[in-house]
Amino acid sequence: MYRIGLCEDCREDRQRVRLYLETLFQEIHKPYTYTEYTSYRNFLDEAKPFMFDILLFDVDLGGKSGIEAAVRLRKADKRVIIIFTTNYPGNVFDSFAAEPLQYLLKPLSRELFMEVMKNALSKIEDSRQKVITFSFDKVIYNVPVDSIIYFENEKRLIYIVTEQTTYKFYGKISLLEQHPLLNGFIHCHRSYLVNPAFIQRIEHDTIILTAGEKIPISRSSSKKVREQYINYI
């Protein structure tokens, strides 16, 4: 499943992108979801990091800069693929901070759009080998493993704490621990699974994270936690 988003205030351009995407995914026989935002504020209010695989931004987004919205998202989500569309090529240098894959001129060429999207999908496939996929409130997220600081279990919810934000879904730490991509994470307490890359030091019965946050170590896990961390470093 690929998750595509478009920030575009022009109805005609939204229709064109919608049609091109339908054609593309029928051709490659892959499922996808598609979400449209018609304004800068609409996007910022609803979109979250790791919510999309590909986002297309109109540079002039309803009086506000689509580049500005893209740059704000890029600071929190280093993985999402960003593509800009515009009537005027003059703003291309302003877009570099968002690290876009491509800059497409309107009206969008069907052939070029297909080529760029196929390139983007190929990059997504390469990166998906190291992401945790989960859903909450009917939204599917793909969070890169190396961005996760720790998981915390509270009642039936698992909280995923990253450097940018916190996500949640229903699950169990004991099942997460068995995930092959989390093999190196440290299960220091029945409620916590910690990424050793974010551990600054271990003091007695506490893990001190690089940001200063403290995670408890259960008495029964103390020896194993220290052995795992020593092996890691």
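The values are calculated or read from the model by the stated rules, or taken from the named source; none is laboratory data. Since this is a predicted model, take the numbers as computed values, not measurements. Here the Cβ positions follow ideal geometry from the backbone for every residue, glycine too, while neighbour counts run over all protein chains shown. Ligands, DNA and RNA are stripped out before the accessible areas are found, and what is left, the full protein with its side chains, is counted by its heavy atoms. Shrake-Rupley method; radii C 1.70, N 1.55, O 1.52, S 1.80 Å.
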>> If packing is taken as the average count of other Cβ atoms within 10 Å, what order do 192-203, 66-77, 114-125 fall into, highest mean first?
In response: 66-77, 192-203, 114-125
>> For a quick check: with amide H placed at 1.01 Å from N, whose amide H comes under 5 Å from Tyr192's, ignoring anything fewer than 5 positions away on the same chain?
In response: Asn153
> Hey, can you rank 43-51, 168-176 by average C-beta count inside 10 Å, highest first?
Replying inline: 43-51, 168-176
> Measuring from centroid to centroid over Cα atoms, what is the spacing of the range 1-40 and the range 106-185 in Å?
Replying inline: 21 Å
> For Tyr150, which sequence-distant residues (separation of 5 or more, or a different chain) have an amide H within less than 5 Å of its own amide H, given hydrogens modelled in the peptide plane?
Replying inline: Val161, Asn195
> Of Lys75/Lys123; Lys168/Lys224; Lys75/Lys172; Lys48/Lys78; Lys78/Lys130; Lys123/Lys172, which pairs sit farther than 22 Å apart, going by alpha carbon to alpha carbon?
Replying inline: Lys168/Lys224; Lys75/Lys172; Lys123/Lys172
> What fraction, in whole percent, of alpha-carbon pairs in the chain exceed 26 Å separation?
Replying inline: 45 percent
>> In Å², and per residue, what accessible area does the chain have when probed at 1.4 Å with the other protein chains present?
In response: 55 Å²
> Can you pull the percent of the chain's accessible area that's carbon plus sulfur, 1.4 Å probe, other chains left in place?
Replying inline: 48 percent
>> Let me spell out the model: positive unit charges on the Cβ of Lys and Arg, negative unit charges on the Cβ of Asp and Glu, origin at the Cα centre of the range 1-159. What dipole size does that give, in debye rounded to 20?
In response: 320 debye
>> Among Ser222, Leu209, Ile186, whose Cα projects farthest towards the positive end of the dipole of the range 184-226, with charges put on the beta-carbon of Lys, Arg (+1) and Asp, Glu (-1)?
In response: Ser222
> How much length is gained if the chain between Asp137 and Lys224 is pulled fully straight, taking 0.36 nm per residue apart and subtracting their Cα-Cα distance, in nm to one decimal?
Replying inline: 27.7 nm
